[in-house]
Amino acid sequence: MKYVPVMPWVRSAGRNLVRDNVLYLGQSGTYVEFETSADEVEIVFVSDRTEGHPESLARAAVTVNGERRFSEKYQTETAVLCCDVRLGAGETKIRAELGTPGEEKTVRVVKLSEDALGLLGIVSLEVPADESIVPTKKPAAKVEIIGDSITCGFGNEGKIDVDVFTTATENALDAYSVRLAEMLGMDYELVSWSGIGVLSQYVPPQSAAPRHEILMGDYYLCQAARSEERINGEYPVWKKLSVFDKGLPAVNVSGKEQHDFSELPALIVIALGSNDASYTESDPQRTKVFYEAYSDFLDEVAERNPGVPILCALGTVNPLLAGTERKAVAAASLRHTDRKMAFVELPQQEPVDLGVLSHPNKKTHCAIAARLCEEARRLLYQ
């Protein structure tokens, strides 16, 4: 039996897009989920061109029953993936084995890579003719996590000075963001983009000007702006040797599908500032401008999500702006008295626990998630 990946056949979560019954998984970690007693499922994916940039291929995985296993390599748990695939242009058909036929299973098809890299659409799901699929129940609560490459899981499956970045080393399931949601017993919705900030994207040291082709203030309002560009054929052909040579091409957020903020999360986590710090460095004037931009973004998030507690965090990669953010959060809490707001400075990562391009590896992501979970529970329940 063949199904299109939309209700009433599956439940989807996160910021996705639907066009002509094709479900495009937009943000990191977005997924579709269903229950079935089938022993296998055939999935037809669709993606777009990536000429000359194989590092940017969209990456998807299939998990069954949310099982976990121990991984000696990283000394932590990792999701059991019965399928893990990176997609080329056009349609890709895969068959995932689900286990014993006749036993009920929860199957999740999840995007491991981020909105910035590679289009990931699901065209159809097919199980044997005598089997069927039904959507899973919606969780009672979700956490929204707003961040940058760390939130995406950039490079967490690689090692510094050994691996180069590709989407094969980016796994949202093992990012602190998804792990935090699991620790809290909540669903999740990520809004994240590698290199993003509120004042500036990442810039090289001693840069004279900020980069603001894409900033979180605009991106946050969209459902999945880059995926939508790709669907519409608006995405530019890259001229660079590497997608990270001078940064990703700018995103045009004008006219893009806006996110529906009517379904409020139980908690919002904001983890931004590492990329902004590459521009501000220790310059007092630039730091002041960052304070204003960060404060404006806090106001935007608060106004879009009335009454929702907000936990802000910084420190794992670059803690330079932690003090500035702490002050901004304290001031914002006086303006938004309808909710609790807090800031937590995260411990810096250890040099032995670095992934690709000095990003956190899986071990560090687990530590971040544990620290945030502690603060989140305090904010929510005390």
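A few remarks follow.
- Across the range 2-135, the mean sequence separation of Cα contacts (distance under 8 Å, 6 or more residues apart), normalised by length, yields a relative contact order of 42 percent.
- FRET efficiency for the residue 137 to residue 299 pair, using the beta carbon distance and R₀ = 30 Å, is estimated at 0.30.
- For the range 2-135: rounded, prolate or oblate by the Cα gyration tensor [a/c cutoff 1.5]: oblate
- Theoretical FRET efficiency, 1/(1+(r/R0)^6), r = Cβ-Cβ of residue 326 and residue 65, R0 45 Å, to 0.05: 0.65
- Under the span-like rule (Cα at least 27 Å along the axis, Kyte-Doolittle mean at least -1.0), DSSP H helices of the chain: 284-304, 362-381
- Magnitude of the charge dipole, the chain, Cβ model with Lys/Arg +1 and Asp/Glu -1, debye to 20: 580 debye
- Assuming charge only on the beta carbon of Lys and Arg (+1) and of Asp and Glu (-1), the dipole of the range 2-135 about its Cα centre is about 400 debye to the nearest 20.
- Segment residue 106..residue 18, full-extension length gain: 29.4 nm, with 0.36 nm per residue of separation and the alpha-carbon distance subtracted.
- Potential extension, residue 285-residue 261 segment - 0.36 nm per residue separation minus Cα distance: 5.2 nm
- With helices as the sole contributors, the chain gives -7000 deg cm²/dmol at 222 nm; each DSSP H run of n ≥ 4 counts as -39500 (n - 2.57), and the sum is divided by every residue.
- P(r) of the chain over all Cα-Cα pairs, binned every 20 Å from zero, in whole percent: 30, 60, 11, 0
- Farthest towards the positive end of the charge dipole of the chain, among the residues 293, 47, 185, is the Cα of 293, using unit charges on the Cβ of Lys, Arg, Asp and Glu.
- Distance violations [Cα-Cα > 21 Å] among 2/93; 159/363; 137/340; 2/105; 105/363; 111/142: 137/340; 105/363
- Extending 7 Å from Cα along the Cβ direction at residue 163 and again at residue 339 yields two label points whose distance is 3.4 nm.
- Nearest-0.05 FRET efficiency for residue 370 and residue 250, computed from C-beta distance (R0 25 Å): 0.10
- Considering only alpha-carbon pairs that sit under 8 angstrom and 6 or more positions apart, the relative contact order computed for the chain is 18 percent.
- Quotient of Cα Rg and 2.2 N^0.38 Å for the range 287-350, N being how many residues it contains: 1.12
Every number here is computed from the coordinates shown, using simple stated rules; none is lab data. From a predicted model like this one, the values you see are computed outputs, not experimental measurements. We place every Cβ from the backbone using ideal geometry, glycine too, and count neighbours over all the protein chains shown.
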